[in-house]
Each structure stands twice: as structure tokens, then as C-alpha cells.
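Undergrad: Just dropping this structure here.
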Amino acid sequence: MKSLLFKNRSMVALWLILAITFVITGIVDSYFFSIPSIGITLQLAAPLGLLAAAQTIVMLTGGIDLSLAMIATGAAYIVSVKSNEGLSTALLYALLFCIVIGAVNGIAIGLFGVNPLIMTLSMGAILIGVFTVGVSTFLRGSSRMPDILVTLSSGLIIDPITWPLVIWIIVGGLVHLSLTRTGFGRVIYSIGDNAKAARLAGIKVWHVQVAAYISCAILGGFAGIMLGGQSGAVAISLANSYLLPSVAAVVIGGTSIMGGMGSYSGSVMGALILSVLSYLLATLNSSEAFKQLVYGGIVLALAWVYSSISERK
Amino acid sequence: MRISIREQMWNIAILGLVVVLTFWRGNQLPIFGSYEIKTILLGIVPIALLAMGQSLIIIGGGINLAIGAEAILINCITAKYSEGTSFITSLKWAIIGILIAALIGATTGWIISKSGIADIVVTLATSFVLIGLALFVQPGPGGGVNIDFAQTFSGKGDSFIAPLLVLFLPILLIWLPLQRSRIGISFYAIGSSKDAAFLSGVNVSRTRILLYAFGGIFAGLCGVALTAITQAASPFAVISNTATLNSVAAAVLGGVSLAGGVGGLFGPALASLVLYYIPTIMLGYGIDPAYSQIIQGALTVLVVLIGGLLRARNKR
């Protein structure tokens, strides 16, 4: 009962923070309260929400994926280049890429005990190298996204509902359900909470870790394709600026970086808060220096507020 | 303090690798004299200083993903205010820069201790703040430094003595005394086990503040070295991210365990030579330097993997 109360209290705090940033943004820019601009904010929040889902899964196991941005970029890049061979082939290639990279991450971390931070940082560096080389050799081709994916990533259904929002709700809902209602979700929480106890209880910990990193990579690929569709063409730096926000959204949403504690619903709130915040910073028309400064400062402040609330349970 | 043999074995292995790579690189060049040695040293000084700072923090059980941003900020501050000034003013700003870096480090450590948020999260966030500050000080490439001051750091003409000193003086003057002092030992203590250290009477939060402050001093030295070598400020987030990545890779290659409490600063300094040689040698063959990122990443993973397997075997 106490944990339920605590959970509600932190959710209330997140709603409050979201409401405050929402109102402040509305005061600064009165256009923000219109239906189209809310639609755009939600549309831009969708890829971040998917990346946060990916990050939530691995962070619940006690890991982290710092190669996520490059996985996302890579998947988008593969789709854009291979789209001349047909859309389904292109998507298949991208899926295969995500599975392979996720599996390599998961096996190295789960089976060989490589520190997740080092593994995924290095994987990010390796992927940057591979794609930098690939652009001029084995992955030469058009970097334009196929039209159908552009529509699915930024098309409007009825204001303010956009296709990416619908996709986010469906995929995010599946992630939420599988984390809360299935055996997969339960083992993810249990190995994050105490890997040794989980092993003694008969869970094959490394299987779970491999599955977690593969799901993470696939979700990242989804997000990358969506980002590519939103910008129309894919560059090698496509998802780079989303790496910190993906971690920040999860942390603000109350998922412990040590694993075992947190929820995807929290991460969704985190993603929404950060999206409203970047809208605010964009409308302030300030210098890049100021934006970076405020963004970093607010992420830190929110994480701090959150951790002090959860300490007072 | 007891020095484990395996730790030294690792340093010797890295030293062997460095010697092999040096000969390899030497063969690529038509002449391999004092000037070439100077070029190599100037290339590794910033990486090595940053790697030492990162290693120190990792030894103390933390990690600083903002260390590259810290160095870039100091680079911007010193290059902005030393442009067209006298030797003394440049030196003054270099010292101020290092003090600012120590202060930033201490603040980071204080936030981590006070808030209870994980090091990774705090430093990811501060990296944004610090790059923002760097852009604030110096919105684009520019700045400069007194030429005599630059040459004191980077050496006059062909002489490689100055960069060699810049590389080894911090180890001799900061690390060796520190390692033997109470503070240094308490760094290892909180790195091995915070609870055990606390129960033995170590003030964990104060030690962590000092830990990040010393890491900051190395980052500040790196920033000043960048100013002296490039004689300009380059406020780019890409540079700071690559630098941070390299510092972690060098720490790991240099035998510092990410679990904390194990390793020294000499290994990482040597390992940064390896990280410098890989792209340089590849460029010498006309290979796209992007490949070197692949090799460097794979090498880092491999080292951690082997380290992990060795530890698992020793436990059995």
C-alpha cells in the first residue's frame, strides 16, 4: 500500500511539472495553446517517447544503451538507402540490423559481463565508423525517406492527432503492457532488482538481457525511422541530439539507473515534459549557448527534485 | 601501498604495444627525429591529461561524462582572455582556468553526493551546461594566446622536452604524492566500497568532492594544453564528446577497472598513445580514419571482455 501511495505521489509530481512547463510555455508563446501547435509538440514527442521506451527496458535491467542514437540513425539510413529494393525489403534489412546490434550488445553484456556503459559507448563509436565508411562504399545511395514513411512519421489524421502519435500510443502501449502484465516484464524487473536472486530463482539472466537489448534496439530503430521520416532525409547525425534526452526522460520519469524500479508511464511523462521544454526553448529564440545551458540545468534540477521526492517516502 | 603484480603486467603489456606501434609509425615516416617525436607528443598530451582525470574519477568509483566539456570550457576561457596578452597574463589565465576546472569538478561531486543521482546522469546533464557555458564565452572558433607561453608548453623549434614535461609533470607532481596521501587512499577506498569506506571513518561525500575536483584539475590542464598547442578556442560539442569517449577508452585500456578501486594513472597515459597511434598509422596508409573508430571501439570492448574473463577465472 505504501509503495502504491509513493508511486501515486511521484506521478502527481510529474503531472505537476508537466502542467507548470505547459503553462509557462503558453504564457511565453500564446500560440502554443492552439490545436496545431499541440499536435506538432506531440508529433515531435513521439520519437523521443519511443527512444525512452527502449532506454526504459534496458535501464530496468540495470543497464543503459548509449549506442541507441546510432542504432536509430543506422536503421533510418538503411531504410532510406535500401528503399529502391522495395519498402518491405528495406524495413527487413533495418530490422535485421537492429536485431544483430542488439544481440551483440546483449551477449557481450549478459554473457561476457562487459560493463553496459563501455559496451554501448564503444558500440556507438563502432557504428559511427561503420556508417561513415558505409556512406561512400557499401551503403551508397539516396538518403531520402520513402514517401509512405514520411506520411507515417509526420502525417496528420485530424488535428491534433498525427500518425506518429498513433504509432507511439500503440507501440508504447504494447511496451507498457509487456512490462506490467507479462512474464517478460516481471523477469526484467527481477534481474534489475537483484540479478543473483533472479539467477537462483532459475531465471537465465543473460537470455533476458539479450532479449532486453534486442527489444531496445528494435524500438530505437522504430524511432530512428520516424525521425528520418520527419526530417525527410537521413544524415549521419540524425538521432545524435536525442541520446541525452532519451536517458533524461527515463530518469525524470523515476526509473532508477540501477534497475528494478520504475515504469514506462513515468518515462512517457518525462518525454512529454522534455518536449514541451524544447518547444519553450525554441520559442525563446535564444542563442544555442543559452539553450544547452538551460536544457542541461533543467534536466538536472528535475532529476534532483524527483529523487528528493522519492527519498521522502 | 601494495602494488599488485598483475596490474604492473598490464602496464608492461601496454608499454610493449606502444613500443611496437612507435616503430611501426617510425617506419612510415621518412625521417624519425626530434620533430616527429614532438608532433606525436603534442598529439597525445590533451588525450593523456583527460584520460588521467577520467581514470582518477573511475578509480574513485565515479565516471565523468562531462570531462571533455570541462576541458573545452577551460580551452575557451583561457584562449579568449589570453589573446594578444603578455606571458604573465596568459599564465595567470591558465592558473585561473585550472582553478575554475577544479571548482566545476568540486561542484559536480557535491551535486552527486547531495542529490544521490547516479554519476552518469548528473555528468550527462552537466556536459550540456558546460558546453553551453563554453559557447557563451566563445560563440565560435577564435581566441589566442601569448606565443612565448604557447612555446613554453609546446616547445621551441624541434625540442620535444617541453611537451614531455607537460605529460609527466602532472603524474610526478600531482598523482604520485596524491596516491601516497590519505586523500589518495580514501579515493581507492570509496572506489572499492562506499559502505566499507564509510564504516572505516572515511567522509564519503567530502572525498567524492575532492575526487571530482582533482579530476577537474586534469581536465583544466587539458584545456590549457589545448589552448597552448592549438593557440585557439574550439567550442564544439563533437570534440568534447569524442574526447570524453577517448578518455574512458584510455582509462579502460590502461587497466582501470570500471568497478572502481583498481588501477593507476600511468597505464591510461600510455594507453592514450595507443589511441593516438591507431588513426595516425591508418592515415599513413591512406585508410579512411573512420575505420580507426571501429578498431578503437572493438579494442576497448575486447580489453574489458578479457579483463572480465580473467577476473572470473581468478575467482574460481
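Undergrad: At a Förster radius of 56 Å, what calculated FRET efficiency corresponds to the Cβ-Cβ distance of B:PHE32 and B:SER181, to the nearest 0.05?
TA: Working from the Cβ atoms, E equals 0.90.
Undergrad: Report, to two decimal places, the Cα Rg of region A:77-148 normalised by 2.2 N^0.38 Å (N = number of residues).
TA: Ratio of Cα Rg to 2.2 N^0.38 Å: 1.28.
Undergrad: What do the square roots of 5 times the Cα gyration tensor eigenvalues come to for chain B, in whole Å, largest first, as semi-axes of the equivalent ellipsoid?
TA: For chain B, the semi-axes come out at 29, 26, 18 Å.
Undergrad: While we're looking at this one, here's another question. What is the ratio of the Cα radius of gyration of region B:250-305 to 2.2 N^0.38 Å, with N the residue count, to two decimals?
TA: Rg over 2.2 N^0.38 Å, computed on Cα atoms: 1.23.
Undergrad: Is the shape of region B:10-160 best called rounded, prolate or oblate, per the rule: a/c under 1.5 gives rounded, else a/b larger than b/c gives prolate, else oblate, with a ≥ b ≥ c the square roots of the Cα gyration tensor eigenvalues?
TA: oblate
Undergrad: Now for a separate question. Alpha carbon centre of region B:237-251 versus region A:71-139: separation in Å?
TA: Between the Cα centres of region B:237-251 and region A:71-139 lies a distance of 21 Å.
Undergrad: Provide the convex hull volume over Cα atoms per residue for the protein assembly as shown, in Å³.
TA: 161 Å³
Undergrad: Any idea how far apart A:GLU288 and A:SER178 come out in nm if each label point goes 7 Å out from Cα toward Cβ?
TA: Each label point lies 7 Å from its Cα, and together they span 3.7 nm.
Undergrad: Could you give the C-alpha radius of gyration of chain A expressed as a fraction of 2.2 N^0.38 Å, taking N as the number of residues it contains?
TA: Rg over 2.2 N^0.38 Å, computed on Cα atoms: 0.98.
Undergrad: Sort out for me the Cα centre separation of region B:77-106 from region B:112-132, rounded to whole Å.
TA: Going from one Cα centre to the other spans 24 Å.
Undergrad: Out of residues 5 or more away from B:GLY142 or on other chains, whose amide H comes under 5 Å of its own, with H placed 1.01 Å from N in the peptide plane?
TA: Long-range HN contacts for B:GLY142: B:ALA233.
Undergrad: Let me ask another. Using helices alone, I'd like the mean residue ellipticity at 222 nm for the protein assembly as shown: each DSSP H run of four-plus residues gives -39500 (n - 2.57), total over residue count, nearest 500.
TA: -26000 deg cm²/dmol
Undergrad: While we're here: List the residues of region A:220-248 whose backbone N lies under 20 Å from a point placed 7 Å from the Cα of A:LEU92 along the Cα-to-Cβ direction.
TA: Zone members listed by number: A:221-222, A:225.
Undergrad: Now for a different question. Take the Cβ-Cβ distance between A:ASN194 and B:THR39 as r, set R0 to 41 Å, and report the resulting FRET efficiency rounded to the nearest 0.05.
TA: Working: r = 52 Å, r/R0 = 1.27.
With R0 = 41 Å, the Cβ-Cβ based efficiency is 0.20.
Undergrad: Ok, one more. Contour minus end-to-end for A:VAL28 and A:ILE158, with contour as 0.36 nm per residue of separation and end-to-end as the Cα-Cα distance?
TA: 44.2 nm
Undergrad: Give me A:TYR213, A:TYR242, B:TYR188 ranked fewest to most by other Cβ atoms within 10 Å of their Cβ, as a rough exposure proxy.
TA: B:TYR188, A:TYR242, A:TYR213
Only the coordinates and a few stated rules stand behind these numbers; no lab work does. Note that the structure is predicted; figures quoted are calculated from it, not measured. Cβ coordinates were reconstructed from backbone atoms using ideal geometry, including for glycine residues, and neighbour counts include every protein chain displayed.
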